[in-house]
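Working notes, beginning with the structure itself.
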Amino acid sequence: MTAASKEFVARLQLAGECFHIVSLDGVLLEVYDFAAQIWQGEKLYTFVDHGIDHSLKVIDKALEVLQVFCGEKVTLTPLERLILGIAALTHDIGMQYQKYPKAGMKLNARDIRNRHVELGFEMMSDILNGTFRTERGGPELGTGQPWRNFLYYGMLVGFAHSGTTIWNRLKLEAYNDKKEGGEQLLRLRLLAGVFRLADELHCEYTRIPEHWWWIKTDVLTEEERAHWAACYYTQELRLSSPGVGGARIHISWRVPSAPSEDEVAVTRTLLQDFREKKIQDEWELIKEYLKWEPAMEPCFLECKLDTEPERSPIEPMPAPVREFLVQKVRPYQLGHKKPAERIGTFELPSNPEVDDLKNKAQMFVLSGKGTLTGHFRLKTGWHTNKYLRCRELTAQIDFNSRLSTTLAKIYSDHRFTHILAIGTSMIGIGALLSLKLPARLLYTFGEALIREELSGRTDYSEYERAVFVPHRSRLLVLDDILGVGSVIQKVTSHLRESGTEIEYIRAFCIYSLGEAIRAALDLRGLDIDFLVSIPDVQYWPQDPDTQTCKICVGSPYLIRDE
Amino acid sequence: MKATKAIFIEPLLQKLEVLIKGGERNPLTKAMTMFGAPDDIDSLTKAIERHEELKPWPLIDFTPFVSIGLGSQTRIQRFGGLYRRRPFFIVVRQGTALEQLAALRDIATIICDDQHKIIKVIHPDEKIDSGYGKLLAKGTDLFQTHSAWVHQVLGENLDSCISRPPEGRRYVKLHDETWANLWIDVKAMVQDPRLAIFVAYQMAYALTHGYREQLIEDAFVVANNTSYVIASFLNQIFDDKDLVIVDRLGVYPSLTRTKIVALQGIQGKRLCMIEDVVSTGREVDLVHLLSFLQGGSIERVVCLFNLDIASPLLAKADSLISLCRPSLALKYKRLAKYSVKQGRT
């Protein structure tokens, strides 16, 4: 027994603890020795540290998370502490795949990193099957009962730290909270949630090797580079408790000793996008399991970057990371000053594909299929001489498909994290676009907005139920027609009023109707792209000639004489 | 939920996903004729290697393909090497070029007829257990095995989108004022485009009996937004089909407000309805009625989840295709305000 392994057992307070006749500290020590052998001669030195030191740190963070969230309300049983220990020691062993590969299956470093959960799970499965030594030349572990159960539960908790395959498996009824062996309480979901958060919290500069020259090479993709750089510039992640059931994470960060103003701003961008936001995103998943524990209700997490960075004698940001942030992420972040010409409404730049789509959309209007002519009062109170309906156009597969492909090319950078399709017309296009861009589809029933308008309600609770936009997202709003801009304005107002911080928002509409009206609207800060402009549509705020007017409440199908 | 051990890998789905992502037109035709590029073989190799367990061997479904290009045939020969590392079965149709190729490369092969019935299983080393036992006996219907696998995959994904009543309550009140002990949020599920395209692919698979029959209905009908997302991908697969949207059906529909949006009208058309969840079949019945009033006829209904509470009354016999029937496994209960037995739905 080494000093380090003793320390590990001490942190988990397992000395002398038993489960029936099995000594739990003995089990943990064996797993520790096993993990130490696995990590001897670390193979992937170009990545952040995943060895025993990381395991120990994760244990510390996990116990801290529990303390901060629950105080004295939740105490882990010795069995749970053992499972947590096994999870910490084994959760990243997939990173050592090169040391224990499967016969005939060679993988490169990037594949190993991306698939380390899956590979680690396979390695542990081989251990449970007793074939790890014979087939891969690795060390062995006890596999009798209850060893087998301990290892299996530890695997589930540990390998749920990344991805959703194992995470979702824990939702099965078999993994409900229970008394294992009729004796000690075992809450696997709680452990998995705490462990996942703890692993996410151990992303500080201490995990980065001193010589990180490889970050400038092609070993990593743009996003991976930014991720590792975010670790390098993170000084510390501190947890504090503003009250039972919640937590605050303070991210302190660091910059080189004499940084320029721009360097500080770029580093801030990096940490907001790849640390603050990542933790918030993970939290959306994690809270589901933490809430399982009644003592944790209500459960919340706030993650904030410290206002000022610390000065340290460290390296400046590598050029490839800086380039990626400056060109792709930073222009679309909240508070970044956009060039003046970017604000307003824009016709999509002409090219053969766009022109073809424009023709199709224009023909649809000219053919009379999509337009009603007369005198209409819109739901917003404005009057118009034409009413356009778009659904027949967007029900055409060919148009949807080509428009989504064209938009995917135009917005091919990393500017959007979410696509919000408004109303049935745009859902098809949004769905196809979400496959082509690295962005998630959100959609709402336009109907909910309309009902709210008709009933004269001023709060947006109904809308809120219809769609949830995550904090700090970069949003592409898809709407079919930009008339007086009321729907888009309503969406943006709702987001502002609900306190959702949106980093960047841009809208796309197929038709832009009329010319003068949009200037009167408060659409500042929102860029709107459109495909086709139909100039001969007029809008006016009121009309004394109500005799000829038809009321149009949100849909041309609901037109009736006043 | 009936468990099955079969595991399928679908090269056609992988190819379709790439083509749709790239904005290609006629993706299904292209996927069927152009499969075999280096990237296709690479992604197939990865899919095989990603397979966690050693048994049962995955079944690589080549049945939709009649032939593949000469260039790609040489690439497929790499399968021989792969097979020795990680064994699998290739499922091919009788009389296709692939059948001869597989036999030449000494790969385990399942040959089936046009009705998906197994005719022959070629197994280079009979002593090795593939993990299937009697499941691959001669005459077994592979279409059913495939359906059971789809049911299982969807059931696993369903776990992530189930909402249960808050602590201390046994039931939640649904929009139509009935009570249920859980709520399936399919909307959350199809927000993952890869899952949505998987669902669309499997619906198309079921409708065409494994992409063999091209005689499907004239247009797809959807009556809610979640179904519309699925139908968008389905419509990409069958690029010559119209999409008919039943607009404003809502919870309490009004025939004067509801409108069917169709490009050319639906008079005299044969329609196929895409539905996310069928529980009592109310929405299916309403769409049947509306289509009938406008001169169209719904021939088949394909749904993602069927909760088996009641059957749509107006649907033709055997016209409802369900990809997943999870109610038993979920212990789903729905306490309807008006029951079907009382005739007051």
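The values are calculated or read from the model by the stated rules, or taken from the named source; none is laboratory data. Fair warning: this is a prediction, and the values are worked out from it, not measured in the lab. In this analysis, Cβ positions are derived from the backbone assuming ideal geometry, glycine residues included, and neighbour counts consider all displayed protein chains. For the accessible areas, the whole protein counts, side chains as well, though only heavy atoms, and no ligand, DNA or RNA atoms are used. Shrake-Rupley method; radii C 1.70, N 1.55, O 1.52, S 1.80 Å.
Below 10 angstrom from the Cβ of B:GLU99, what's the summed charge of the other residues (Lys, Arg +1; Asp, Glu -1)? Before the final figure, lay out each step's value.
Numbers: positive: B:ARG93, B:LYS120; negative: none.
My count for the surroundings of B:GLU99 gives +2.
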Integer Hz, Karplus 6.51/-1.76/1.60 couplings in order for the range A:175-192, x for Gly and Pro: 9, 4, 4, 7, 9, 5, x, x, 10, 10, 5, 9, 10, 5, 5, 4, 4, 5
Other-chain or far-sequence residues with amide H under 5 Å of A:GLY246's (modelled H): A:PHE300
Span from the the range A:282-326 Cα centroid across to the the range A:101-157 one, whole angstrom: 30
Phi to ³J(HN,Hα) by Karplus 6.51 cos²θ - 1.76 cosθ + 1.60 over the range B:200-214, Hz, x for Gly, Pro: 4, 4, 5, 5, 5, 4, 5, 5, 9, 6, x, 6, 10, 9, 8
³J(HN,Hα) computed for each position of the range A:504-510 - Karplus, 6.51 cos²θ - 1.76 cosθ + 1.60, integer Hz, glycine/proline x: 7, 9, 9, 10, 10, 10, 6
Average silhouette area of the range B:188-328, convex hull of alpha-carbon atoms, in square nanometres: 8.4
Amide H within-cut-off set for B:ILE298, under 5 Å, with H built and near neighbours excluded: B:LEU271
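Could you sort A:385-393, B:272-280 so that the peptide with the highest average Cβ count within 10 Å comes first and the rest follow in order? Could the numbers behind the result be given before it?
Numbers: A:385-393: 19.7, B:272-280: 24.8.
Result, highest mean Cβ count within 10 Å first: B:272-280, A:385-393.
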Amide H contacts of A:SER473 (H built 1.01 Å from N, under 5 Å, at least 5 apart or other chain): A:GLU503
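For the range B:106-154, what % of the accessible area comes from carbon and sulfur atoms, probe 1.4 Å?
Working: 1290 of 2450 Å².
Looking at the range B:106-154 in its full context, I get 53 percent from C and S.
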Inter-label distance, nm, simple model (7 Å from Cα along the C-beta direction), B:ASP113/A:ASN385: 7.0
Distance between modelled label sites at B:PHE292 and A:ASP262, nm, 7 Å Cα→Cβ extension: 7.2
Summed buried accessible surface, chains B and A, 1.4 Å probe, nearest 100 Å²: 4200
Residues of the range A:274-289 with amide N under 16 Å of the 7 Å Cα→Cβ point at A:GLU501: A:274-284
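Provide the per residue accessible area, probe 1.4 Å, for the range B:188-328, rounded to a whole number of square angstrom.
Numbers: 5000 Å² over 141 residues.
Per residue, the range B:188-328 has 35 Å² of solvent-accessible surface.
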Percentage relative contact order, the range B:188-328, counting C-alpha pairs under 8 Å, at least six apart: 21
By accessible area with a 1.4 Å probe, ligands and nucleic acids excluded, highest first: order of A:GLU302, B:GLU167: B:GLU167, A:GLU302
Given A:LYS6/A:LYS277; A:LYS358/A:LYS386; B:LYS30/B:LYS138; B:LYS15/B:LYS46; A:LYS61/A:LYS277; A:LYS106/B:LYS55, the pairs whose alpha carbons are separated by over 25 Å: A:LYS6/A:LYS277; B:LYS30/B:LYS138
Cβ-placed point charges (K, R +1; D, E -1), dipole of the range B:188-328 about Cα centre in debye, nearest 20: 200
Per-peptide average of other Cβ atoms within 10 Å, ordering A:124-135, A:318-329, A:282-293 highest first: A:282-293, A:318-329, A:124-135
Cα→Cβ-extended label distance, 7 Å offset, between B:GLN214 and A:TYR152, nm: 5.1
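Order of A:423-431, A:57-65 by packing, highest average Cβ count within 10 Å first?
Working: A:423-431: 26.9, A:57-65: 20.8.
Per-residue Cβ counts within 10 Å, averaged per peptide and sorted highest first, yield A:423-431, A:57-65.
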